[in-house]
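Enquirer: The structure follows.
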Amino acid sequence: MAGNKWQPSWTLPSPANVLITPGRLTFVCRDFVKAGTSIGFGGLGAAVALTSTAIRHARAARIRRGKAAVGQVRFEWVANMILARTVPAATPLVRNPAPVVAVHLTTRNDAGQHVRLTLRRPMPEITAEMLAWHAQDIARQRLESACAAGLDDGALSALRTLAGNSAGQLTPAGHLLWSLPGASQPIGSSRQPAGH
């Protein structure tokens with residue numbers, strides 16, 4: 001978040017595997033460096049382009065060998081979840097386009113800045129029921145944890161409501177929003193113990 005606007009800082013160039021555990025969402029992407037393709041015209045141009053493309057692909061494969069792009073968002077740190085499900089406009093070729101689903105998980109980094117992990121077109125599709133279950137689970141965990149002692153009455157009331165009925169709130173843009181008070185992501189040097 002820069003000012004009041006979200007700015008993309010990094011995007012995986014290819015699909016990633018996502019794993020949801022009881023405490024975190026992790027992603028792993030092995031194809032994190034993409035190779036470009038060269039185009040050439042004429043016999044010599046095509047030969048040069050083919051060679052250049054082969055070199056780029058070999059270089060990208062060498063960079064990726066034995067490595068992966070890996071990241072996580074811990075549920076203790078999630079401040080909100082948004083499910084955006086939009087249906088593109090129909091075209092003469094596609095009369096009933098498939099909906100485009102995006103899930104946004106908002107948290108904070110070590111400097112206290114709001115950051116968002118966005119999963120676009122997840123397969124299988126993430127549903128409102130799945131996120132509602134996670135919101136309910138997060139609310140229950142926060143109410144039972146030590147962080148509940150530091151929350152005001154409004155935050156505790158919101159967590160109790162979520163623990164009992166975790167339906168998302170409809171935003172003006174037509175998305176579903178789950179606000180999760182009590183996100184306890186550590187800032188700077190005031191880190192929580194590893195077992196948290």
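Rule-based calculations on the coordinates, nothing more; no lab input. The structure displayed is predicted, hence computed values, not measured ones. Neighbour counts are summed over all protein chains in view; Cβ atoms, including those assigned to glycine, are modelled from backbone coordinates with ideal geometry.
Enquirer: Given a Förster distance of 41 angstrom, what is the FRET efficiency for Asp153 paired with Asn17, based on the Cβ-Cβ distance and rounded to 0.05?
Expert: On the way: r = 41 Å, r/R0 = 1.00.
E between Asp153 and Asn17, to the nearest 0.05, is 0.50.
Enquirer: Under the rule of at least 5 residues apart or a separate chain, name every residue whose amide H is placed under 5 Å from the amide H of Gly168.
Expert: none
Enquirer: Using a Förster distance of 25 Å, how high is the FRET efficiency between Ala2 and Ala89, based on the Cβ-Cβ distance and rounded to 0.05?
Expert: Numbers: r = 30 Å, r/R0 = 1.21.
The pair Ala2/Ala89 has a calculated efficiency of 0.25.
Enquirer: Same structure again: Starting at the first residue of the stretch 107-124, write each ³J(HN,Hα) from the Karplus equation 6.51 cos²θ - 1.76 cosθ + 1.60 with θ = phi - 60°, in whole Hz, x for Gly and Pro.
Expert: Whole-Hz 3J(HN,Hα) from phi for the stretch 107-124: 9, 10, 8, 4, 8, x, 7, 6, 10, 9, 9, 10, 9, 9, 6, x, 10, x.
Enquirer: Multiplying the sequence separation of Ala173 and Met123 by 0.36 nm and subtracting their Cα-Cα distance, what value in nm do you get? Write out the running numbers ahead of the final one.
Expert: Details: separation 50, 0.36 × 50 = 18.00 nm, distance 2.34 nm.
Fully extending the segment from Ala173 to Met123 adds 15.7 nm.
Enquirer: At a Förster radius of 22 Å, what calculated FRET efficiency corresponds to the Cβ-Cβ distance of Ala146 and Arg24, to the nearest 0.05? Numbers along the way, then the final one.
Expert: Details: r = 19 Å, r/R0 = 0.85.
Rounded to the nearest 0.05, the efficiency is 0.75.
Enquirer: Give me the distance in nm between label points sitting 7 Å out from Cα along the Cα-to-Cβ direction at Asp137 and Trp10, one decimal.
Expert: About 2.5 nm separates the two model spin labels.
Enquirer: Same structure, new question: Asn80's amide H: which non-local residues (gap 5+, or another chain) put their own amide H closer than 5 Å, with H modeled 1.01 Å from N in plane and none for Pro or chain starts?
Expert: Thr106, Leu180
Enquirer: Using a ≥ b ≥ c from the Cα gyration tensor of the stretch 76-179 (square roots of the eigenvalues), is it rounded, prolate or oblate, where a/c under 1.5 gives rounded and otherwise the larger of a/b and b/c decides, a/b for prolate? Working shown, then result.
Expert: On the way: a/c = 2.75, a/b = 2.05, b/c = 1.34.
Verdict is prolate for the stretch 76-179.
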